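Before any comments, here is the structure.
The values are calculated or read from the model by the stated rules, or taken from the named source; none is laboratory data. Values in this document were obtained by computation on a predicted structure and should not be read as measured data. Cβ coordinates were reconstructed from backbone atoms using ideal geometry, including for glycine residues, and neighbour counts include every protein chain displayed.
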């Protein structure tokens, strides 16, 4: 497995992760604002940030675009080395950029894994039959594409990236009833997504409660066993005696650790359904003029904010607990199994935080500014400072 040099600041410390190269239209960030080259840069950067980097971050992958290669030397040679050697290549094929198509052909010709993403309605004809994660340039569609890419990356990270994975032909049935590139008979509509969000909203709170209960059980066991372990250490007890205490602790936390992990994974899955539905509703609200936002809409926005705040509070406690458990797990191999469950649960729960923050920011931006308090007087004279 190769690793991506020049990206150490973003990579997990001490871990070897699959290298990930990203090809796609880049544009020119130094071009004049409003020019086609500058718009292309801004559009491609949004796709890279909101789909590619966001999905990779959930699996501790560090994606790299050609314009971020820090190595010295000929850029074309560096790109070819990446296309040849990196574990996975993600290709944004929107508009069929000639350089991108050449690089894609180079990669496929060597039988290496590649994942395609592209904007609906802008896919090049000659690869329109290849399986592609499609998106439109609105928040809900970009988030859905990110989740699709995340699932594909999860499969690759856990089972290995396979040559030509996810690029098998996906030919629509012939005839006048065949769906167009922009249609998907199985894709849920707005009402479907909102119904999913409503159905899952209360369940999310249940998941958070289940995680909290599991943490309390683990903490209670730790509170009971820690004095015994400290006494054994202070009294220079034989290693066998200390190992027996560690085994007792490990056995006691195994079940709640497994519950903690299962609850966190269910929580993350539910949030995918909720998040997509909420973004669809927020897209709809953004199209309204300020006076069209009714009381029901405002209540919905406040619900999002309350959900974000409660989730953030819960995941903050989870993160703090996970940091504490890291040192404990290193005490003995007997703790590795429950420790692994706890570590996965912490990563899974905290990975949702950035997405929750995005929902909250959008909700707050749509709420009308609150009027000043009746007790507030903007015309009041400033306080007079006097010498004592």
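A single entry from 304, 318 fulfils the requirement of being buried (at least 17 other Cβ atoms within 10 Å of the Cβ), at pLDDT 75 or above and under 22 Å from the mean Cα position of the chain (by Cα): 304.
For the stretch 36-55, the candidate set comprises residues that are under 18 Å from residue 353 (Cβ atoms) and in contact (Cβ under 8 Å) with a residue 12 or more places away in the chain; within that set, the residue that is surrounded by the most Cβ atoms within 10 Å (Cβ to Cβ) is 55.
I'd like the full set of residues that are closer than 19 Å to residue 95 by Cβ and surrounded by fewer than 17 Cβ atoms within 10 Å (Cβ to Cβ), limited to the stretch 56-77. It would help to see each step written out before you state the result.
Residues of the stretch 56-77 that are closer than 19 Å to residue 95 by Cβ, as a first pass: 65-67.
Of everything in the stretch 56-77, just one residue is closer than 19 Å to residue 95 by Cβ and surrounded by fewer than 17 Cβ atoms within 10 Å (Cβ to Cβ), namely 67.
The lone criterion from (1) within 30 Å of residue 366 (Cα to Cα); (2) part of a helix (DSSP H, G or I) left unmet by residue 257 is number (1). How many residues, within the stretch 337-358, are modelled with pLDDT under 80 and assigned to a helix (DSSP H, G or I)? Number of matching residues: 11.
Per the listing 275, 286, the residue uniquely exposed (fewer than 14 other Cβ atoms within 10 Å of the Cβ) and in the same structural domain as residue 348 (by TED's automatic domain parsing) is 286.
Comparison of 216, 194 shows that the only residue that is at pLDDT below 85, assigned by TED's automatic domain parsing to the domain that holds residue 338 and under 30 Å from residue 312 (Cβ atoms) is 194.
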